[in-house]
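Heads up: the structure comes next, in structure tokens.
The values are calculated or read from the model by the stated rules, or taken from the named source; none is laboratory data. Keep in mind that this is a model prediction, so the values were computed, not measured. Quick reminder, even Gly has a Cβ in these numbers, built from the backbone with ideal geometry, and neighbours come from all protein chains shown.
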Amino acid sequence: MNKNIDTKKIIISNPLKLDCGKEINNFPIAYETYGELNSEKSNAILVFHALTGDQYVSGKNPITNKDGWWSYVVGENKPIDTNKFFVICANVIGGCMGSYGPSTINESTGKQIGTDFPIITINDMVNAQYELIKYLEIEKLFAVVGGSMGGMQVLQFVTNFPDKAKLAIPIACTSSHSAQNIAFNELGRQAIMADSKWENGFYSNYKLNPDKGLAVARMAAHITYLSEKGLQEKFGRKLQDRDSLRYGFEADFQIESYLRYQGSVFVDRFDANSYLYITRAMDYFDLSKQYKGNLSDAFKETKTKFFVISFTSDWLYPTSENREIVIALNSIGADVGFVEIESDKGHDSFLLDVPSFLKTLGDYINSTYKVINERRI
Amino acid sequence: MKEEFNIISNLIEENTRVLDVGCGNGDLMKFLQENKTKDIRGLEISKEKVQNCLSKGLTVIEGNAESDLKQFPKSSFDYVILSQTLQAFLNPELVINELLKVGKKVIVTIPNFGYWRVRLQLLFKGTMPVTENLPHEWYNTPNLHMCTIKDFYNFCSSKNIKIFKSIALKKSRISEINKSNLDYKNLDSHLGIFLIES
């Protein structure tokens, strides 16, 4: 978490008015960049991360020592080729990788902000990241790209700044968090808050961490990122390091052991309060409500080209919800392409090695870049 | 193929908005993009073909014309093209109506089941026709509603659909279809191309 990170960071001095009514200023945004910005500044791609992602899109994540969360997509000779594109990714506000969040130290008290941190929204996240784009002096991004919560930020970004991106690629996302999405997020939050070490969000004051609660939240969420078929094929009823059932509550099954492991590694890298705040921001996301129930109006001003992608086995942000975005865009004559990619890997497909996804995404981005550049000449 | 593309392209005015329904791998879209207009979209039901189009940078939506044309506003395209696909729909009449709503003008091309080579196969061989243009066997054909140039011509007049232009194609020979030569063109052409409006 925050403590030992040596990360690129800027301090945003402009006051930012949050949806909750509060105002923040002089707050940090941590970010990372890959590749080089060309002299015309026409090759910049802003990548938005998902719920538990961070600014370390590609290469080695210096905190976890694992590959960046989108290493299949971003990097040298990858679909978003950093030999060609300048890729920017910022940690969202509310996060725990250096941007302003509940684990940021309040300088006047010397303690973490905890649940005194204001409630933030996807809109607030995007507005904060726009300050980074201004700081980098990029007049117009070539593309904004993201999956899941990153996709929601893509939609919000083009809504807020209709002339700041030539291309928008929202992947496996929704324009409005469904009851099922909210339900799963609430389950995770309740698990954290039920942990006696949560201490109403001020656990760091007591040198505690609600690890148990956060791990359960992660385990439950992790199931929603996979598909029933994928789980069955990978784990079935296979037993973990044993030949027969033990008639107890140890992890007899491989799937149990897998989920426990996922929970335990997660707590080492993620702040429980950040999990509460970010899931809340997702739940509050309802782009059509921001436009009085008409999603098309959100995009009315847009000149951006859109490419919407969903996955067959994603039941968390199913194709039908992605299609609603396409329909809204078509109904105002926007330039939108759409494909549902065949995959058994569930919602997580956008993070994984799904060759037809990687190929289509890469080819599309590259040929569109070429077309847009040719037109300019 | 090339002749059909040329004819379609000649029916379209420059820099107009075009939708290609059942755009396949995007060959016609590419052709029109290079020759007529940049503002062209596609609708295609096959995932694989949609991915091929997107890989070429073409704006294509995965979807089914019978259910997904509704999402486009009325008259949102100057031209909607349906190239050799009408016969594959469950309900061709519904699709034509949807096309006429979405497009100010509609271009429909029809593999002609009335072509003499097709007729001869049924007459002399007694088997369902298989030709270069209609390569499938009866048991695996995607074509549910084959029709002839004359069928489509009569369909348009019975439904009060205006035919602006109707063109017959045989090999690479192009000719106009009119009321008086309809029976002959119906016998001697492998493809009919219609520019229509509601």
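Numerical summary
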item	result
Some residue of segment B:17-39 being out of contact with any helix residue (DSSP H, G or I) (no Cβ under 6 Å at 6 or more places or on another chain), under 22 Å from residue B:3 (Cα atoms), in a strand (DSSP E or B) and of a type in the set (D, E, K, R)	no
First in segment B:3-32 and farther than 12 Å from residue B:105 by Cβ and surrounded by 20 or more Cβ atoms within 10 Å (Cβ to Cβ), second anywhere and modelled with pLDDT under 95 and small (Gly, Ala, Ser), Cβ under 7 Å, 6 or more apart	B:21/B:65; B:22/B:65
Residue satisfying condition, being surrounded by fewer than 24 Cβ atoms within 10 Å (Cβ to Cβ) and either in a helix (DSSP H, G or I) or without any contact (Cβ under 8 Å) to a residue 24 or more places away in the chain (or both), within set A:167, A:132, A:155	A:132
Residue under evaluation residue A:174, criteria (1) under 19 Å from the mean Cα position of the chain (by Cα); (2) not assigned by TED's automatic domain parsing to the domain that holds residue A:147, criterion not met	(2)
Meets criteria (farther than 28 Å from residue A:39 by Cα and touching a strand residue (DSSP E or B) at 6+ places or on another chain (Cβ under 9 Å)) for residue A:122	no
Counted residues, segment B:52-66 - those being among the acidic types (Asp, Glu), more than 7 Å from chain A (Cβ to nearest Cβ) and crowded, with 23+ Cβ neighbours inside 10 Å	0
Check on residue A:332, under 21 Å from residue B:37 (Cβ atoms), touching a residue at least 60 places away in the same chain (Cβ under 8 Å) and within 11 Å of another protein chain (Cβ to nearest Cβ)	no
Residue in segment A:243-252 that is modelled with pLDDT of 95 or more, touching a strand residue (DSSP E or B) at 6+ places or on another chain (Cβ under 7 Å) and away from chain B (no Cβ under 14 Å) present	yes
Meets criteria (in contact (Cβ under 8 Å) with a residue 60 or more places away in the chain, assigned to a strand (DSSP E or B) and of a type in the set (Val, Ile, Thr)) for residue B:163	no
Any hit, segment A:33-40, residues being closer than 26 Å to residue A:357 by Cα, touching a helix residue (DSSP H, G or I) at 6+ places or on another chain (Cβ under 9 Å) and part of a loop (DSSP other than H, G, I, E, B)	no
Filter result (in contact with a Ser or Thr (Cβ under 6 Å, 6 or more places away or on another chain) and in contact (Cβ under 8 Å) with a residue 60 or more places away in the chain) within segment A:82-93	A:91, A:93
Candidate set: segment B:33-51, residues that are out of contact with any strand residue (DSSP E or B) (no Cβ under 9 Å at 6 or more places or on another chain) and not basic (Lys, Arg); chosen: the one surrounded by the fewest Cβ atoms within 10 Å (Cβ to Cβ)	B:34
Among residues of segment A:332-377, those that are part of a loop (DSSP other than H, G, I, E, B), in contact with a Leu (Cβ under 9 Å, 6 or more places away or on another chain) and of a type in the set (Gly, Ala, Ser), counted	1
Residue that is surrounded by the most Cβ atoms within 10 Å (Cβ to Cβ), among those in segment B:67-92 that are in contact with a helix residue (DSSP H, G or I) (Cβ under 6 Å, 6 or more places away or on another chain) and part of a helix (DSSP H, G or I)	B:86
Lone unmet requirement of (1) of a type in the set (D, E, K, R); (2) in contact (Cβ under 8 Å) with a residue 24 or more places away in the chain; (3) exposed (fewer than 13 other Cβ atoms within 10 Å of the Cβ) for residue A:246	(2)
Subset tally (residues that are acidic (Asp, Glu), crowded, with 23+ Cβ neighbours inside 10 Å and not assigned by TED's automatic domain parsing to the domain that holds residue A:214) for segment A:263-322	1
Residue, farthest from residue A:158 (Cα to Cα), within segment A:335-377, restricted to residues that are within 8 Å of chain B (Cβ to nearest Cβ) and of a type in the set (Ser, Thr, Tyr)	A:356
Residues satisfying the stated conditions in segment A:190-204, i.e. in a helix (DSSP H, G or I) and surrounded by fewer than 19 Cβ atoms within 10 Å (Cβ to Cβ)	A:190, A:193, A:194, A:196, A:197, A:199, A:200
From the options A:344, A:335, residue that is in contact with a Gly (Cβ under 7 Å, 6 or more places away or on another chain) and not small (Gly, Ala, Ser)	A:344
Scope segment A:40-71; condition at pLDDT 95 or above and of a type in the set (Ser, Thr, Tyr); matching residues	A:42, A:52, A:56, A:58, A:71
